[in-house]
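Here it is, the structure in full.
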């Protein structure tokens, strides 16, 4: 069935993939980015969304400066607004319209203490950082609103560069550039978790909507957890870079926010996404000349 779908954050790394996959499936897709809508202006955002009257609203906007919001009170206020309050407001608009609402969260809602098997969707969150607190806040506000909603937890998103201004590049692309310039890079080897390839997540999001899956929390990540060091070694092997990769501790870096030591997410509700190695190969093929 052809649905009118709104993607908020349409020029981000994930948003651009959502626009593509929903469009290829025949949906009537509208993509809005920062220049098109200010989600922090509740009244104006509501007026614009209600006028469009979408069947599906996907919120791919969020604050992700993990260390900055830990050390700066004004930045944490921004994080709380975007990650906690805004999702609830958008969920309320979706409920009013009878639309499906999709929102993205993070593995950083967990403390990393559950090291056997990873975290299932119903595991008890316990964030270590203010960023994690803000994302957990968003999960709670969306659930409190209710309606038809999906909260999707992901981890370590990577993909082709976003087209939005100031958007982050993929970890792997940045490390490849450094490796080619200096011949050596370091990777944190004491923080284990999953990675998420943006096109795979976008396709899995579409599948969730098409299947009219029950409302709730979902873990949609590529299979095969790894440390930053381990994943970087995998990628360099795939693309044939012979640079030295040095394993280091996260404590070697000056970071304000604490990270979970093992935030592996288990997907127990939906079809598994492909293995990280296969996703890295697809990324290399798309992102490199």
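The values are calculated or read from the model by the stated rules, or taken from the named source; none is laboratory data. The structure presented is a predicted model; accordingly, all values stated were derived computationally and were not measured. Backbone-built Cβ (ideal geometry, glycine too); neighbour counts: all protein chains shown.
If I ask for residues that are touching a helix residue (DSSP H, G or I) at 6+ places or on another chain (Cβ under 6 Å) and outside any helix (DSSP H, G or I), which ones from region 104-115 would you list? Reasoning before the result, please.
Of all residues in region 104-115, those touching a helix residue (DSSP H, G or I) at 6+ places or on another chain (Cβ under 6 Å) come to 105-106, 108-109.
If the condition is that a residue be touching a helix residue (DSSP H, G or I) at 6+ places or on another chain (Cβ under 6 Å) and outside any helix (DSSP H, G or I), then 105, 106 are the ones that fit.
Residues checked against (1) within 28 Å of residue 283 (Cβ to Cβ); (2) more than 13 Å from the chain's Cα centre (by Cα); (3) surrounded by 24 or more Cβ atoms within 10 Å (Cβ to Cβ); (4) at pLDDT below 95:
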{"position": "104", "(1), (2), (3), (4)": "yes, no, yes, no"}
{"position": "109", "(1), (2), (3), (4)": "yes, no, yes, no"}
{"position": "164", "(1), (2), (3), (4)": "yes, yes, no, yes"}
{"position": "188", "(1), (2), (3), (4)": "yes, yes, no, no"}
{"position": "199", "(1), (2), (3), (4)": "yes, no, no, no"}
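Is it true that residue 232 is crowded, with 17+ Cβ neighbours inside 10 Å, in contact (Cβ under 8 Å) with a residue 12 or more places away in the chain and farther than 20 Å from residue 127 by Cβ?
Here the answer is yes, as residue 232 does meet what is asked.
While we're looking at this one, here's another question. Of the conditions (1) touching a strand residue (DSSP E or B) at 6+ places or on another chain (Cβ under 6 Å); (2) within 30 Å of residue 212 (Cα to Cα); (3) exposed (fewer than 15 other Cβ atoms within 10 Å of the Cβ), residue 194 clears all except one; give me its number.
(3)
Quick check: anything in region 81-100 in contact (Cβ under 8 Å) with a residue 12 or more places away in the chain, under 30 Å from residue 223 (Cβ atoms) and part of a strand (DSSP E or B)?
Yes, there is a match, as at least one residue in region 81-100 is in contact (Cβ under 8 Å) with a residue 12 or more places away in the chain, under 30 Å from residue 223 (Cβ atoms) and part of a strand (DSSP E or B).
If residue 176 passes every condition in (1) at pLDDT below 95; (2) closer than 20 Å to residue 21 by Cβ; (3) out of contact with any strand residue (DSSP E or B) (no Cβ under 8 Å at 6 or more places or on another chain) but one, which one does it miss?
Unmet for residue 176, out of (1) at pLDDT below 95; (2) closer than 20 Å to residue 21 by Cβ; (3) out of contact with any strand residue (DSSP E or B) (no Cβ under 8 Å at 6 or more places or on another chain): (2).
Among the helices (runs of 4 or more DSSP H) lying completely within region 116-228, list those that include at least 3 residues that are touching a residue at least 12 places away in the same chain (Cβ under 8 Å), closer than 21 Å to residue 58 by Cα and in contact with a helix residue (DSSP H, G or I) (Cβ under 9 Å, 6 or more places away or on another chain). Before the answer, list the steps.
Details: elements: 130-145, 171-182, 198-210.
Of the helices (runs of 4 or more DSSP H) lying wholly inside region 116-228, those with at least 3 residues that are touching a residue at least 12 places away in the same chain (Cβ under 8 Å), closer than 21 Å to residue 58 by Cα and in contact with a helix residue (DSSP H, G or I) (Cβ under 9 Å, 6 or more places away or on another chain) span 130-145, 198-210.
Applying the selection to region 64-75, what residues are in contact (Cβ under 8 Å) with a residue 60 or more places away in the chain and either crowded, with 22+ Cβ neighbours inside 10 Å or not in a loop (DSSP other than H, G, I, E, B) (or both)?
68, 69, 70, 71
Let me ask something additional. Consider residue 286 carefully, then state whether it is outside any loop (DSSP other than H, G, I, E, B), surrounded by 20 or more Cβ atoms within 10 Å (Cβ to Cβ) and in contact (Cβ under 8 Å) with a residue 60 or more places away in the chain. Talk me through it step by step, then tell me what you get.
Details: outside any loop (DSSP other than H, G, I, E, B): yes; surrounded by 20 or more Cβ atoms within 10 Å (Cβ to Cβ): no; in contact (Cβ under 8 Å) with a residue 60 or more places away in the chain: yes.
Against the criterion (outside any loop (DSSP other than H, G, I, E, B), surrounded by 20 or more Cβ atoms within 10 Å (Cβ to Cβ) and in contact (Cβ under 8 Å) with a residue 60 or more places away in the chain), residue 286 does not qualify.
Considering only region 17-50, state which residues are out of contact with any helix residue (DSSP H, G or I) (no Cβ under 8 Å at 6 or more places or on another chain), part of a helix (DSSP H, G or I) and more than 19 Å from residue 88 (Cα to Cα).
19, 23, 24
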